[in-house]
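Just below is one structure, and these are the notes that go with it.
The values are calculated or read from the model by the stated rules, or taken from the named source; none is laboratory data. Quick caveat, the model's predicted, so the values are computed rather than measured. Glycine gets a Cβ as well: all are built from the backbone with ideal geometry, and neighbour counts include every protein chain shown.
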Amino acid sequence: MTDPIARKVTELKPSGIRKFFDIVSEMKDAISLGVGEPDFDTPWHIRDEGIYSLEKGRTFYTSNSGLKELRNEISKYVESSQGVKYDPLHEVLITVGGSEAIDLACRALLNPGDEVIIPEPSYVSYVPCVVMAGGKPVVINLREENEFRLKPEELKAAITPKTKLLVLPYPNNPTGAIMEKEDLEALTDIIIENDIYIISDEIYSELSYKEGHVSIVSLPGMKERTIYINGFSKAYAMTGWRLGYACAPGNICVQMTKLHQFCIMCAPTTSQYAAIEALKHGGRDVAEMRDAYNERRRFLMNEFKKMGLKCFEPYGAFYVFPSIKEFGMTSDDFCTELLKRKKVAVVPGTAFGECGEGFVRISYAYSIDNLKEALGRIDEFIKELRAG
Amino acid sequence: MDKKETRIKILKALEHEARVDIAELAVRLGMEQTDILNEMNEMEKEGIICGYLTLVDWDKTDEQTVTALIEVRCTPQRGQGFDVVAERIYKYAEVNSVYLISGGFDLLITIEGRTLKEISRFVTEKLSAQEAVLSCATHFILRRYKDHGTILAKKYEDERQLITP
């Protein structure tokens, strides 16, 4: 029999987190700091709107792009947070999570052989999405001494005549790094000179612990070459609702919508009704959750300082990315040993790119009590390692 | 962070975690420990912080308690409104809280006793006997689902699944 699987698919590397989670799932009493989703439930008033829409019998498809009222609210949100106006009718597309929008953007923009610059460590889906869309990923290995921000010289060095797209994953999973306004401004000339398009994955935009998050779309000349991606999962603790969106220039949005209609039709209707409520009345919930994450972030940084564990201070998302280089172990070995000896699960930095070697990702989407217990065990573990 | 904001942050934290370690709280809020202690002191003196309580679910203990919520209608007194009658009521040790409310009644009282009898005795002999009290409606609390912002009925369980990416 012939091999049923397409070569392109067989050749895709499985997610590095997967392998590690398989070990975790076999261990019963392990404490995990590995999960990448909020520990909060979706605020009740938002869930209630979802339930109400079901009670009303709103169980139909929506239009392919999504409910008009939701697109209106999204347009208002981006305008009030970034000062950029998107036309809700032609420049906003509701997707099944931000992850669908990433896939659509790659497929809509890439011709065979087009190069896509992906700064790493970052979310594990960019490379496979680019590959499946026929593009060629070009990875930039970000540096800890730059707090994992993308520097103009790094971008310049990665550009070739074939460069089509740049992925900007900030606030960043797994490092927690952010790009501030000056960091972004330093890139815009290079982007324009080289006529590059941008996928700006801003799914963690509401979880930024310095001044407000700045999007690249707010800078001059950027809106027309950017696909702005955001969603409800992280800001409103709505992961299971599977709802995200893309804002893009009309000519791009219409093509993304074409792909979306052929494979998805439309995003889940119940989730869309709930999301309208989230954008209209969820501001306070977001602020409260952000404060809670920020408390945990400060707590973790202080614990690391006490342990003498080196970690740059991250200002975004809900991850910290401490260095474990002093122990002379690979990230994989470190995490496996930590799990075996102390039953604490953290994710090896290498799951997010080769340059994640020497780091581990710790999620603080956990209660302070949970973090305390886990950090206590990590402290014991590194003391044992230091004692040899 | 200005003083007002600082105070609100401290109060919000203490309202739910009265026993929090202040050094830890300082780290979490990005403040100095001494600043928190000073503010707490000041707010205690100003009567903003009135106490540090423990939220107890007595139903889970062997101790028998009965809680009732009593709505009271009463005649206000010239120049003093309901203050005098409220004071006469809140002085009873078994009375837990006394609120002035709007609507069909004037005061809302919560009271704790060991038995139904104890509470009915309070209502008939003490509360209704007050000259200013015109009538009252007593509601016994059967179950507390949520109190002081804390859900008592159910414990939080982490049901998140392992998922990649």
Can you tell me which residue among A:Glu303, A:Glu313, A:Glu277, A:Glu295 is surrounded by fewer than 16 Cβ atoms within 10 Å (Cβ to Cβ) and either in contact with a strand residue (DSSP E or B) (Cβ under 7 Å, 6 or more places away or on another chain) or at pLDDT 95 or above (or both)? A:Glu313
Would a scan of the range A:159-171 turn up a residue that is in a strand (DSSP E or B), within 17 Å of A:Thr350 (Cα to Cα) and either within 15 Å of the chain's Cα centre (by Cα) or not basic (Lys, Arg) (or both)? no
Any idea which of (1) of a type outside the set (A, V, I, L, M, F, W, C); (2) under 19 Å from the mean Cα position of the chain (by Cα); (3) within 14 Å of another protein chain (Cβ to nearest Cβ) is the one B:Glu157 doesn't satisfy? (2)
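Would you pick out the residues in the range B:122-144 that are over 19 Å from B:Val85 (Cα atoms) and either outside any loop (DSSP other than H, G, I, E, B) or over 21 Å from the mean Cα position of the chain (by Cα) (or both)? Spell out the reasoning first.
Kept after step one, since they are over 19 Å from B:Val85 (Cα atoms), are these residues of the range B:122-144: B:139-144.
If the condition is that a residue be over 19 Å from B:Val85 (Cα atoms) and either outside any loop (DSSP other than H, G, I, E, B) or over 21 Å from the mean Cα position of the chain (by Cα) (or both), then B:His139, B:Phe140 are the ones that fit.
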Could you tell me whether any residue of the range B:106-119 is on the phi > 0 side of the Ramachandran plot and part of a loop (DSSP other than H, G, I, E, B)? no
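Just give me the residues in the range A:361-374 being in a helix (DSSP H, G or I) and within 12 Å of chain B (Cβ to nearest Cβ), in sequence order. I'd like the intermediate steps shown before the answer.
Within the range A:361-374, the subset in a helix (DSSP H, G or I) is A:368-374.
Within the range A:361-374, A:Ile368, A:Asp369, A:Asn370, A:Leu371, A:Lys372 meet the criteria.
Could you please let me know if A:Ser99 is of a type in the set (S, T, N, Q), surrounded by fewer than 23 Cβ atoms within 10 Å (Cβ to Cβ), touching a residue at least 40 places away in the same chain (Cβ under 8 Å) and within 14 Å of chain B (Cβ to nearest Cβ)? Lay out the reasoning, then the answer.
Numbers: of a type in the set (S, T, N, Q): yes; surrounded by fewer than 23 Cβ atoms within 10 Å (Cβ to Cβ): yes; touching a residue at least 40 places away in the same chain (Cβ under 8 Å): yes; within 14 Å of chain B (Cβ to nearest Cβ): yes.
For A:Ser99, the condition - of a type in the set (S, T, N, Q), surrounded by fewer than 23 Cβ atoms within 10 Å (Cβ to Cβ), touching a residue at least 40 places away in the same chain (Cβ under 8 Å) and within 14 Å of chain B (Cβ to nearest Cβ) - is met.
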So which residues in the range A:308-335 are more than 19 Å from the chain's Cα centre (by Cα), within 17 Å of A:Leu371 (Cα to Cα) and either within 14 Å of chain B (Cβ to nearest Cβ) or part of a helix (DSSP H, G or I) (or both)? A:Cys335
Taking A:Thr239 and the conditions (1) under 20 Å from the mean Cα position of the chain (by Cα); (2) of a type outside the set (D, E, K, R); (3) crowded, with 21+ Cβ neighbours inside 10 Å; (4) under 30 Å from A:Gly358 (Cβ atoms), which numbered condition does it fall short on, given that it satisfies the others? (3)
Restricting to the range A:343-380, count the residues that are within 23 Å of A:Asp29 (Cβ to Cβ) and surrounded by fewer than 19 Cβ atoms within 10 Å (Cβ to Cβ). 11
Are there helices (runs of 4 or more DSSP H) fully within the range A:64-151 with at least 3 residues that are of a type in the set (Ser, Thr, Tyr), modelled with pLDDT of 95 or more and within 16 Å of A:Ile229 (Cβ to Cβ)? List them. A:68-82
Whether any residue in the range A:63-80 is aliphatic (A, V, I, L, M), more than 20 Å from A:Ser233 (Cα to Cα) and either more than 12 Å from chain B (Cβ to nearest Cβ) or touching a strand residue (DSSP E or B) at 6+ places or on another chain (Cβ under 9 Å) (or both) is what I want to check. no
Taking the range A:341-360 and keeping only residues that are away from chain B (no Cβ under 11 Å) and small (Gly, Ala, Ser), one is left with A:Gly349, A:Gly353, A:Gly356, A:Gly358
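How about the range A:217-241: which of its residues are more than 24 Å from A:Ala287 (Cβ to Cβ), in contact with a helix residue (DSSP H, G or I) (Cβ under 6 Å, 6 or more places away or on another chain) and of a type outside the set (Gly, Ala, Ser)?
Residues of the range A:217-241 more than 24 Å from A:Ala287 (Cβ to Cβ): A:219-227.
Next, only the ones that are in contact with a helix residue (DSSP H, G or I) (Cβ under 6 Å, 6 or more places away or on another chain) stay: A:219, A:221-223, A:226-227.
The answer is A:Leu219, A:Met222, A:Lys223, A:Thr226, A:Ile227.
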If I ask for residues that are surrounded by fewer than 24 Cβ atoms within 10 Å (Cβ to Cβ), touching a Ser or Thr at 6+ places or on another chain (Cβ under 8 Å) and over 17 Å from A:Asp39 (Cα atoms), which ones from the range A:203-236 would you list? A:Gly212, A:His213, A:Val217, A:Leu219, A:Pro220, A:Gly221, A:Met222
So which of A:Leu54, A:Leu33, A:Leu12 ends up being closer than 30 Å to A:Cys253 by Cα, within 14 Å of another protein chain (Cβ to nearest Cβ) and of a type in the set (A, V, I, L, M)? A:Leu12
When you scan the range A:175-196, do you find a residue that is aliphatic (A, V, I, L, M), assigned to a strand (DSSP E or B), crowded, with 21+ Cβ neighbours inside 10 Å and away from every other protein chain (no Cβ under 14 Å), even just one? no
Exactly one of B:Val98, B:Val85 is away from every other protein chain (no Cβ under 14 Å) and not in a strand (DSSP E or B), and that one is B:Val85
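Report yes if A:Gly212 is at pLDDT 95 or above and either within 16 Å of the chain's Cα centre (by Cα) or closer than 30 Å to A:Arg298 by Cβ (or both), otherwise no. Working first, answer last.
Values: at pLDDT 95 or above: no; either within 16 Å of the chain's Cα centre (by Cα) or closer than 30 Å to A:Arg298 by Cβ (or both): yes.
Taking the combined requirement at face value, the residue does not satisfy it.
Yes/no matrix, rows are residues, columns are (1) away from chain B (no Cβ under 14 Å); (2) more than 25 Å from the chain's Cα centre (by Cα); (3) at positive phi; (4) in a loop (DSSP other than H, G, I, E, B):
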position	(1), (2), (3), (4)
A:Met301	no, no, no, no
A:Lys306	no, yes, no, no
A:Glu337	yes, yes, no, no
A:Arg386	yes, yes, no, no
Can you name the residue in the range A:103-156 that is within 14 Å of chain B (Cβ to nearest Cβ) and of a type in the set (Phe, Trp, Tyr) and is also nearest to A:Glu313 (Cα to Cα) among such residues? A:Tyr123
Looking at the range B:1-53, which of the residues that are within 11 Å of chain A (Cβ to nearest Cβ), hydrophobic (A, V, I, L, M, F, W, C) and not in a helix (DSSP H, G or I) is surrounded by the fewest Cβ atoms within 10 Å (Cβ to Cβ)? B:Val20
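Hey, among B:Ile36, B:Ile49, B:Ile22, which residue is over 19 Å from A:Arg298 (Cβ atoms), modelled with pLDDT of 95 or more and aliphatic (A, V, I, L, M)? Reasoning before the result, please.
Numbers: B:Ile36 fails: over 19 Å from A:Arg298 (Cβ atoms); B:Ile22 fails: over 19 Å from A:Arg298 (Cβ atoms).
On inspection, the qualifying residue turns out to be B:Ile49.
Got at least one residue in the range B:101-111 being in contact with a strand residue (DSSP E or B) (Cβ under 7 Å, 6 or more places away or on another chain), surrounded by 11 or more Cβ atoms within 10 Å (Cβ to Cβ), at pLDDT below 95 and more than 14 Å from chain A (Cβ to nearest Cβ)?
Residues of the range B:101-111 that are in contact with a strand residue (DSSP E or B) (Cβ under 7 Å, 6 or more places away or on another chain), as a first pass: B:101, B:105-111.
After this cut, where a residue has to be surrounded by 11 or more Cβ atoms within 10 Å (Cβ to Cβ) as well, the list is B:101, B:105-111.
Narrowing the set further to residues that are at pLDDT below 95 leaves none.
No, because not a single residue in the range B:101-111 is in contact with a strand residue (DSSP E or B) (Cβ under 7 Å, 6 or more places away or on another chain), surrounded by 11 or more Cβ atoms within 10 Å (Cβ to Cβ), at pLDDT below 95 and more than 14 Å from chain A (Cβ to nearest Cβ).
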